Amino acid sequence: MKSNNSFRYFLIFAGAGIYQWAFWHETPGLNISIFTAFIVPTLLFLYPESVKKVPFWLVLTGLLSASLAIVVHASLFATIMYVISIILFVGFAHWSQTKSPVFAIPSSIANLVLTPYTFFAFKNYVATNNKKSSVFLKWVKLFVLPVVILIVFFTIFYNASDKFAEYSDKVLFPIQDFIYNLFGNITFASIFFFVHGILLITWILIRNKNTNLSDAEKNQTVNITRNKVRRKRHFQFLGLKREYLSAFILLVLINLLVLAANIVDIVFIWFGFEFKEGMNLKQFVHEGTYLLILSILLSMGILLYIFRKNQNFYSKGKILKVLSFAWIFQNLILAISVGVRNYHYMEYYGLAYKRVGVCIFLILVFFGLITFFIKIMQKKSSYFLLKFNSWAMYLLLIISSLFSWDTIITKYNIKHCKELDYEFLVHMSTKALPFVDINKLSTDLSYKNPWIINSNYNYDYFYVFSMRNYYVKQVFNFLYDWETDKFLSWSYYDKLAYQNFMSNPELVKSYKIYKDYRIKKNQIENGNKNSVQNRTPALHSDESR
Amino acid sequence: METKIQFKTELLHYILMNPVRSEQSGRVVFSEQFAIILKIITS
């Protein structure tokens, strides 16, 4: 490590300051990029040895892509992927020998847990150059006395001469305003947020030497070696031959069973699917999908057990391998059946988050089954599976977080669905709301939104409203937030949505009255405090569906 | 079921459901409520 302790403390406090300024009372947007612009160069400076490693660059690309996605559409998914990327990035930057996310995540989380300890004791935990550490303190001590004396004399002159006081005020008031703007709104919550920022930055920047897992990873190999040492056991294990026989019977029976299931699926779902009135398509897809996914994962687990260590080298094990390949192939067909079910569901009910999730999951299952095939074929270890599949998972999730699924789902459903689920559409984030035709929303007052009923938002336990009321409230709330938010929460799709709403003159007329009302309401209910601080929380879309 | 949207009606609904409350007592400030309703109707 290049720097000394004082410099590290300076970086932590600078980072916490940036964090406080960028995220306090702000939603994810441009602030994420500003934060990334601080973290990445600092980590590169502190841990230059990581720069030469490929995994570091892969995660850095993921991190930058996620922050770009947040600036463009600020979706919850992109934000989650950004957090995951930060966790990985910390793991790979701190320990340059780490090769797979499977080891980077625990090492990073261990560092997170030890953060308070690291903050107060990093002198003992990181290699430092102690000679230089006192230079900063020396300079501080040098300045303290002159500054105190200067303040005393300034106070005397300020009170003695009116003209001096007048000119000093001209200089000092802007500084005072600046300080008030920075610290005027200090509350317990903001202090807590700052401390949280300090811990967060300490976690990201300072590594604790106890969290090094790269030695453990060095012991893991991609290829399996045959273990010929005979160990004395206290109880009898199945010998390789008996184990082979038991696995053989299991694989033959299971292959037959899955073959029967696959034939039924191919005949009735791939080619002969007909939607009948009264058919419970939801049950057909949801339960069917969950069970198929379970069956695929279970079979992977069983194969992993069968092909552990020496079974890979058993001379008569060729039939077992062929049977396993057959099972993997059948699992691929099962996965395609899940895809076909999902496709039928999409055709009748349109897109939704879970259906997109199933598609992403199926791509991962495909990749997983292919790596499984390679594992058995070329005698690779489970570490090989974990390493490649965790990378595939991370990269695929990063790629899918680049899309604004809210807008894609809304546009697709409006274009393709005969019966639109408006209750689902009004729950979308505001960037997708301009596409929903407000005139088609129900005015039935019995509409209840469980998300709002459960919150303590504005006496909602007797809040009666229709879907249309809810939509308009969301839109007004969004427009108000967009105008009062700082540039930090800016995102491109929000800007487009704002322009879209403001192009409707009727809406603008009503919104202006709403805005005046909100400002007056804030003033009366909270005195003349900062209006940004008193904003009601934005209602986010329910992305769990 | 399809009816033309009236933003004024929606606004009235919002204001009735989110009244201004006094900082001290927490009671609804009726003068403010009436003023805003009048503003919406006459606009």
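The values are calculated or read from the model by the stated rules, or taken from the named source; none is laboratory data. What you see is a predicted model, and the numbers here were worked out from it, not measured in a lab. No Cβ is skipped: glycine too gets one built from the backbone with ideal geometry, and neighbour counts run over all protein chains shown. Note: accessible area is taken over every heavy atom of the protein model, side chains too, but ligands, DNA and RNA are not part of it. Shrake-Rupley method; radii C 1.70, N 1.55, O 1.52, S 1.80 Å.
The set of residues in segment A:405-424 being modelled with pLDDT of 85 or more and either touching a Ser or Thr at 6+ places or on another chain (Cβ under 6 Å) or within 14 Å of chain B (Cβ to nearest Cβ) (or both) consists of A:D406 alone. Please verify whether segment A:114-128 includes one or more residues that are surrounded by 15 or more Cβ atoms within 10 Å (Cβ to Cβ) and modelled with pLDDT of 85 or more. There is at least one residue in segment A:114-128 that is surrounded by 15 or more Cβ atoms within 10 Å (Cβ to Cβ) and modelled with pLDDT of 85 or more. Hey, can you tell me all the residues within segment A:90-102 that are buried (at least 24 other Cβ atoms within 10 Å of the Cβ) and in a helix (DSSP H, G or I)? If the condition is that a residue be buried (at least 24 other Cβ atoms within 10 Å of the Cβ) and in a helix (DSSP H, G or I), then A:V90, A:G91, A:F92, A:A93, A:H94, A:P101 are the ones that fit. For segment A:27-51, residues that are more than 14 Å from A:A16 (Cα to Cα) and among the aromatic types (F, W, Y) total 2.
Considered as a group, the residues in segment A:476-523 that are among the small types (G, A, S) and more than 13 Å from every other protein chain (Cβ to nearest Cβ) include one that is surrounded by the fewest Cβ atoms within 10 Å (Cβ to Cβ), and that residue is A:S503. Does A:I32 count as within 28 Å of A:W482 (Cβ to Cβ) and either of a type in the set (K, R) or open to solvent by less than 60 Å² (accessible area, probe 1.4 Å) (or both)? Here the answer is yes, as A:I32 does meet what is asked.
Scanning segment A:374-413 for residues that are open to solvent by 70 Å² or more (accessible area, probe 1.4 Å) and of a type in the set (A, V, I, L, M, F, W, C) gives A:M377, A:L386, A:F388, A:M393, A:I399, A:L402, A:F403.
Among the residues making up segment A:436-469, those that are surrounded by fewer than 18 Cβ atoms within 10 Å (Cβ to Cβ), at pLDDT 50 or above and outside any loop (DSSP other than H, G, I, E, B) are A:N439, A:K440, A:I452.
Under the condition of being open to solvent by less than 40 Å² (accessible area, probe 1.4 Å), within 7 Å of chain A (Cβ to nearest Cβ) and under 10 Å from the mean Cα position of the chain (by Cα), the residues counted in segment B:6-32 number 7. When every residue of segment A:329-347 is checked against the conditions, at least one turns out to be modelled with pLDDT under 90, on the phi < 0 side of the Ramachandran plot, surrounded by 15 or more Cβ atoms within 10 Å (Cβ to Cβ) and among the β-branched types (V, I, T).
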